[in-house]
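None of the figures in this text is laboratory data; all of them are computed from the coordinates on show. Just so we're clear, the structure is a prediction, and the values are computed from it rather than from any experiment. Glycine also receives a Cβ, built like all others from the backbone with ideal geometry; neighbour counts cover every protein chain displayed.
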Amino acid sequence: MHSLINKVSSVITRHKMIDGDEAVLVGVSGGPDSIALLHLLRTLAPGRGWRLGVAHLNHGLRPGAAESDEAFVRREASAMDLPYYTEKADVTAYRKSHGLSVEEAAREVRYRFLGRVATARGYSVIALGHHADDNGELVLMNLLRGSGPLGLTGMPPSRRFEMDDGPKGRIRLIRPLIGIRREDIEEYLDENSIPSVTDKSNTDLRYRRNRIRRELLPLLRRQYNPNVVDTLNRLAAILRSEEEWAESLSTPVFEAAILSETAGRIVLSVPEVRSAHPALQRRIIRQAIRKVKGNLRRISFRHIDAVMVLAGQPASPARLDLPDRIRVEAADNRLMFQKAPRPLRELRTQIHRDKPEYFEYVLPAPGSTSIPELTMEVRAEILPTDMPADFRSTGHRIAFFDMGTVSFPLTIRSIKPGDRFTPLGMAGTQKVKKFFIDHKIPASQRSRCPVLISRGKIVWLMGYRMDDSAKITPTTRKVLRVEFRLA
């Protein structure tokens, strides 16, 4: 028996991936990794009582080549006399409608397909061909993104299969090759004359994952650590164990903070959350999002910190929108997490456009946030000190501020009665209402004008005039650029 078969068998046994006589759906793209996985499981299955099936998704991203890949996988399944399931998807349309990258969209569409097939056909396990090199690349990519400990845990060998609108709990997702190096997989295929197909997009350096695989990791191997992939996998395993331990300690604190919980909605006590150490606060917030959303995909450290800032705001209502229709609201010492019934972009059309409801959003750090009430996106960035810019020719949707006079978190909210600011070029404060009257701004436009707040002070009547105190001067060292765009 080939040594790789023994290694895979050991991984499956150690992580209790497959019980006897279970039905396993193997996701097969046709590439070397998934083809090797299919052949290895096919070799092991008779002695274990497993029942295998093959699933292949045609992403529709590579016309011609995609159809050829599909035909190849179909032939492989037929030669093994295994059930075969396939589907063609429009990843491009899905990407545009959900605001995702090509990689994210392809992943989500594929997982939804696998979940549907497994549920409809009675498979309790979904097997994927991710290996040790894939895991090392993911850990390194997340490290470069500034991920927290959870992002550095990499791919778990086995987990419950979860999709927002898919099966929960019953189906498991496993990665039998997770401890195997790519070179061992390629050697196994060569020695056994097993064919596979090549996806040319894997060499496209426009994708960050490919640049890490083909440029950064080889550099690290040559000049710093020839075993860098093993090192990254070891780091992931250590942090995964640490995360499991920390999660078990934080769960009782999270449960004590719950005021109410229903399907798609959970309310936490702000005093209970705020009384915890900041590291524990992040875990409590993360658990709340996972409870409502079903998973933590697309939820970053920045999102968690934004919720922490929201929880620390005064008693006035404030709201924050997170990916995948998750809305967080803070009011009266309560922090509510809920999932909107439809995409938040669609909900915008439900709002009365002449006089939108009061809103308040927090931007805790450079980045962007959406204001659904105004179908607006606001983006803030700190400019390099040596970047040339004409701060006078900005247009009404862009403003530049002296970072010595403003700071994060920034707040974007509706105008309140009595709001005052010092319009650029003036010496004294003026009511926002009077500014509108003096400049003959129609009432219909006034109600849709947000203000940007820093340090409790209006620094920009957005679209009209910034506050004089935040203007750029010859002594300015750092510049904050804020822009809003209408969707």
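Points to keep in mind about this one:
- Think of each Lys and Arg Cβ as +1 and each Asp and Glu Cβ as -1; about the Cα centre, that makes the dipole of the range 414-464 roughly 120 debye.
- Shape category assigned to the range 1-143 from the gyration tensor of Cα positions, a/c cut at 1.5: prolate
- Summing charges over all other residues whose Cβ lies under 10 Å from the Cβ of Phe435, with Lys and Arg as +1 and Asp and Glu as -1, gives +4.
- Calculated FRET value between Val102 and Ser269, using beta carbons and R₀ = 45 Å, to 0.05: 0.65
- Rounded, prolate or oblate (a/c below 1.5 giving rounded, otherwise prolate when a/b exceeds b/c) for the range 244-339 by Cα gyration tensor: rounded
- Packing-based order for 35-45, 197-207, 234-244, using average beta carbon neighbours within 10 Å, highest first: 35-45, 234-244, 197-207
- Farthest positive-ward along the chain dipole, Cα basis, beta-carbon charges - from Met141, Val459, Pro271: Val459
- Residue-count net charge about Leu144 - beta-carbon cut-off 12 Å; Lys, Arg +1, Asp, Glu -1: +3
- Whole-Hz ³J(HN,Hα) from phi, Karplus 6.51 cos²θ - 1.76 cosθ + 1.60, for the range 366-375, glycine and proline x: x, x, 9, 8, 9, 10, x, 4, 10, 6
- With Cα atoms as the point set, the radius of gyration and Dmax of the range 171-281 evaluate to 21.9, 64 Å.
- Among Val432, Ser68, Ala118 - extreme Cα towards positive end, dipole of the chain, charges at beta-carbon: Val432
- Divided by 2.2 N^0.38 Å, where N counts the residues, the Cα radius of gyration of the range 13-62 comes to 1.28.
- Between Thr203 and Thr375, the simple label model (points 7 Å from Cα in the Cβ direction) yields a spacing of 4.4 nm.
- Positive-end residue, the range 1-83 charge dipole about Cα centroid, Cβ charges, pick of Gly49, Ile12, Ile35: Ile12
- Estimated dipole of the chain in Debye, rounded to 20 [Cβ of Lys and Arg +1, of Asp and Glu -1, Cα centre]: 1660
- Lysines with Cα under 18 Å of Lys431, excluding same-chain neighbours fewer than 8 positions away: Lys416, Lys440, Lys457
- Dividing the helix sum by the residues of the chain, where each DSSP H run of 4 or more adds -39500 (n - 2.57), gives a mean residue ellipticity at 222 nm of -11500 deg cm²/dmol.
- Counting only alpha carbon atoms, the long axis of helix 182-191 and the longest principal axis of the chain meet at about 30°.
- The range 164-262 - charge dipole about Cα centre, Lys and Arg +1 at Cβ, Asp and Glu -1, debye rounded to 20: 480
- Gyration tensor verdict on the range 175-214 (Cα atoms; rounded if a/c is under 1.5, prolate if a/b is larger than b/c, oblate otherwise): oblate
- Hydrodynamic radius (Kirkwood) for the chain, which is based on Cα pairs only, to one decimal in Å: 25.7
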